Structures are given as structure tokens and as C-alpha cells.
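Take a look at the structure below.
Laboratory data are not the source of any read-out in this text; all were calculated from the coordinates shown. Quantities reported herein were computed from a predicted structural model and do not represent experimental measurements. Neighbour counts run over all protein chains shown; Cβ positions are idealised from the backbone, glycine included.
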Amino acid sequence: MLNRFDARLSRRSLLRAGGAALAASAVGGGSLAAPGGGDLVEVELLAKQRMQRILPEPANASPLVTYAERFPGPVIRLRKGQRLRATLVNGLTEHTSIHWHGIRLSNAEDGVPFLTQPPTKPGERHVYEFTPPDSGSFFFHPHCNTVELLGRGLAGALIVEEEGGPAFDADLVCMIKDWQLDKTGAFGAFTSDRGASRAGTFGSVSTVNGLIEPVIDVPANGDVRARLYNVDSTRVIDLRVEGTESGGGAWIIAVDGNPLPPRPLDGWPMGPAMRLDVIFRAPKDPGKTLRLTNVYSAQPKPLAVFRSVGTALPNKRFAPRALPAASIPQPDLKNATVVPMAFSATAVAQIFDDALLTSLPFADSLCLSEKTFWAINQQSWPEGGHERLPPPITTLEKGRSYVFELANLTPHLHPIHIHGYTFSVLSSDLRKVVPHHADTVLLEPKERLRVAIKADNPGDWMFHCHIIEHQDTGMMGYIRVA
Ligand code: C2O
Ligand code: CU
């Protein structure tokens, strides 16, 4: 298989980043000459059910669905400029596809069934090929029946390493996710009307890399880069690294993979699909620990422990350095067109009976549940009643700049995600916004948030809430750039 150690990570960080052995499980490195120059990295991703223990005994192992032997996996690492050729092999009993979350790629590689590609049927293969234009911490997941498949663990990390950035003594991936498991280790319901029409259905157990409160080894006195992913379908988290001796906790250096001038990790809530790269200094004395905690809820929740191991690295001042600047096309704000986007609850939940669903040719393409509770600009995905797809929410002219005014008319949080683009996050009427780039922005209840893009990437691009039950029940649409 293609699982091999990544020679670009130092041996020391391979050995020490061990906890979940994630830094070591980099995939790829099959360097062939790619047509467009640069290297080609090839991976095969076999999506299928695999048993994996999440709960301790006497519970049973749980029937996860994964792309690799274990959740979370694989972690695909590319250097900026490398090309990825990823072959999805569908070992499921339903059709699927892979969406490359956060990557500004061409529309045909975006992995949305019916919108950008035919669904990949059971037993079939589909080859994706693209060169990610940006460095950063990205991930990938299916885009149909996501509530169940992501709920059962179908997600992997795609990391694009920057060139000429600051050095780190370890580079970790922390995939944070809850699981809807009962006491025996069996999955319960992934969705409920009650959850879908409100904040979502929460899991019963929180994990990092599929482990309950794991101990993750870090090099003593080393500067650790942790790529923190919220891959849960529902829960909003607000993380802290507690107990550091220098630096006052962790510092954010990237948001959704996009460099941010370093600032303390101290109140940056992450909705589902959002990522933060942080840096912190590991304790000097081997055996000492730091705590990764979710402080979003009233009762702070411990998620993992970082434990210093090995001989302490030489003393140096802790000074978080910025990553090399991103090259996201700058929207021309002076000449931008403002597009209002209202996120609301539907007046009446629309209920589609089975007969209606099966009689409509578009039903399968909806990848929706049978009810809608939510809408964007008063349109729920199936509402148009069109033969196949509903019309786009809006059509943008290629090359022009746009400001989206995202208005949350509901009392709930919504992490709003755009495919194929990276937002410039501008301002909010509720809070002070640190200008940054992101592919997913967390809309607070009743908030109006302004984000901008330069519409340079043609195609039909999904635009939806990443609380998967909201997405599945209507808070989903697409934007056409032509
Ligand atoms: Cu992470 Cu449309 O998805
Ligand atoms: Cu939502």
C-alpha cells in the first residue's frame, strides 16, 4: 500500500509525535514526474466499513467507515507545488464521492455528486487529480449521506506543507470528533428531527484522533505545531492549550490553513469543518503535560494531554513566527457587488413522503433527508421542484468581486462553507472581526457577517452550513460562477 513514512519529517519528530502516531502516518511520496512539472503523489482511498474500538471494554469495537485502516486516516502530506492523484475506491453499499474541503481546485475535481461529477457507485473507482494552490491544513469527506458517513468517521486530512516557513520540532494532526455511540459501541441515530431543526444531534463521546483523552507525546522543550481540526458534524468547540511554561498557551498561526499573524488561542470558536493551526512550547521536563481543553460549554471538557518526552531540546526564546503569506486572489472591494445571503428556518417544515421522493428524478441528487427545516435566501435545496438540480442561489460573473452579506436570521450557530474559494472575512455587526481568510465561517445567532471573494474560479460551487443535519435539511445551495 501507499502507507509509508514521510522522509521530510525529521526522524525525531516521527518518533516523538507519536501519541496517535499520526505525524508518522503520512501517505504518499510516490514521486513521479507530473505532466505539468513537479511531482505527482498517488494515493488510493478505499472507502469501506472497518471495525475500530472507540469505547473501552466491555463495549465492542464500532463499525466505522473510513478511507484507511484506522480513523483518522489517511493523512496525506504534499509539499506545495506537488500534484495529487487520488483514486477513490467505493467499498460501500451506496454511491459516494470525495470532496476536498478548502482546496481551490477546478470544479470537476470538487466531488459533489450530480453537481460536479456522476456519483461513484459501489465497486467503482474515481480518480481525482489536482495541484493545491495553497499550503495549509485541509481535509476530505463524502458529500452525500454525510450525516451517517462522516458520523461513522469517513474523513481524512490533506496537508500541504508551505515552503520556507518557520521550523517546528513536531507537526501533529488532532482530529476532534464526537461519536453517536451507545454503551455497547453500536451507533445510534445520526440525526433526529429535534436535532436537525435546532442545534443538531450531539454525539455521546468526544475524541481526538478517535481516542478518548489520548496522551500525545511531544518533544520536551520543543515548539509543537498542532493542526486542530473540528471534524464533528455538530459540535462547536473553543480550544485552549493549558499549562504551558512559556508563551501563555498556544498561538494561532493559521485559520482553515490560511496564515494568520500569530495571536493567542483565546476565544476562536470552531464550528464543524473549521481548522486552526497552533504552535505551543512543550514543557521542559520529560513527563510533564499540557492539556487540550474545549471551553465552549459551561463545563470545560478535557480532550487530550500533550506529554513531553525525550531529552529537553536546547533553550530558546518562544517566539511564534508567521507562516509565509497566502496567495488568495484579492477581491476588489471598491467595485464589489453586494450579495445578500439570508440563513433562516423554513416557515413550515416541508415533509416529502416516500412516494413523492421516489417519483422525482432529482430526489436522489438532493442528498437530503426527507424534511427541510432551513433555507438560504428562502430557498431550500429541493423546493424549486426542478427536474434535476435547483437553480443556483446566485450567478456571479467570472473575474468580478463580490461581498456576501451573510445574515443569520436564526437563534442557532451556522458554520457557513463555500467550495472552491477562500473567503476574505471582513466585518460583523456583532463583534470585532480579525481580518482573515477562511473557507468556513461561524455565523453567530442573529449576526450579519461580511465576506468577500474574487470570482475567478468558474463552475457550480456548493455553499452550505457544515452542521451536517442543517445541510441535509435545506441549508444548502450552490453558486454559479460563469
Ligand atoms: Cu466540507 Cu460541502 O463540505
Ligand atoms: Cu447550520
Peptide ranges 400-408, 153-161 listed from the most packed, as the mean C-beta count within 10 angstrom indicates: 153-161, 400-408
Provide the gained length on full extension for the span residue 242 to residue 108, in nm with one decimal, where the gain is 0.36 nm per separating residue minus the Cα-Cα distance. 43.9 nm
Calculated log₁₀ intensity ratio I(q)/I(0) where the Debye formula runs over C-alpha points of segment 205-250, q = 0.16, 0.17, 0.18, 0.21 Å⁻¹: -0.57, -0.64, -0.72, -0.94
Any idea what the dipole of the chain comes to, in debye rounded to 20, about its Cα centre with Lys/Arg Cβ at +1 and Asp/Glu Cβ at -1? 1460 debye
Plugging the Cβ-Cβ distance of residue 125 and residue 49 into 1/(1 + (r/R0)^6) at R0 = 25 Å yields, to the nearest 0.05, a FRET efficiency of 0.90
Translational diffusion of segment 109-234, µm² s⁻¹ [Kirkwood Rh, Cα pairs; Stokes-Einstein; 20 °C; 1.002 mPa s]: 124 µm²/s
Could you give the length gained on full extension between residue 163 and residue 297, defined as 0.36 nm per residue of separation minus the Cα-Cα distance, in nm? 44.5 nm
Dipole magnitude of segment 394-482 about its Cα centre (Cβ charges: Lys, Arg +1; Asp, Glu -1), debye to nearest 20: 320 debye
In the neighbourhood of residue 290 defined by beta carbon distances under 11 Å, the net charge of the other residues (Lys, Arg +1; Asp, Glu -1) is +3
Take residue 319 and residue 409, extend 7 Å from each Cα along the Cα→Cβ direction, and tell me the distance between the two endpoints in nm. 5.2 nm
Which of the peptides 333-340, 319-326, 278-285, 206-213 is most tightly packed, and how do the rest follow, going by the mean number of other Cβ atoms within 10 Å of each residue? 278-285, 206-213, 319-326, 333-340
Would you kindly derive the ³J(HN,Hα) couplings of segment 124-140 from the backbone phi angles with the Karplus curve 6.51 cos²θ - 1.76 cosθ + 1.60 (θ = phi - 60°), listing them in order in whole Hz, with x for Gly and Pro? 8, 10, 9, 9, 9, 9, 6, 10, x, x, 10, 7, x, 9, 10, 8, 9
What is the ratio of the Cα radius of gyration of segment 94-148 to 2.2 N^0.38 Å, with N the residue count, to two decimals? 1.13
Count charges around residue 131 for me, please; just the other residues with Cβ under 12 Å from its Cβ, Lys/Arg as +1, Asp/Glu as -1. +1
Can you give the net charge of the other residues whose Cβ lies under 12 Å from the Cβ of residue 240, counting K and R as +1 and D and E as -1? -1
Cα-based Kirkwood hydrodynamic radius, the chain, one decimal, Å: 22.7 Å
If we sort 310-316, 225-231, 163-169, 214-220 on the protection proxy, mean other Cβ atoms within 10 Å, highest first, what's the order? 225-231, 214-220, 163-169, 310-316
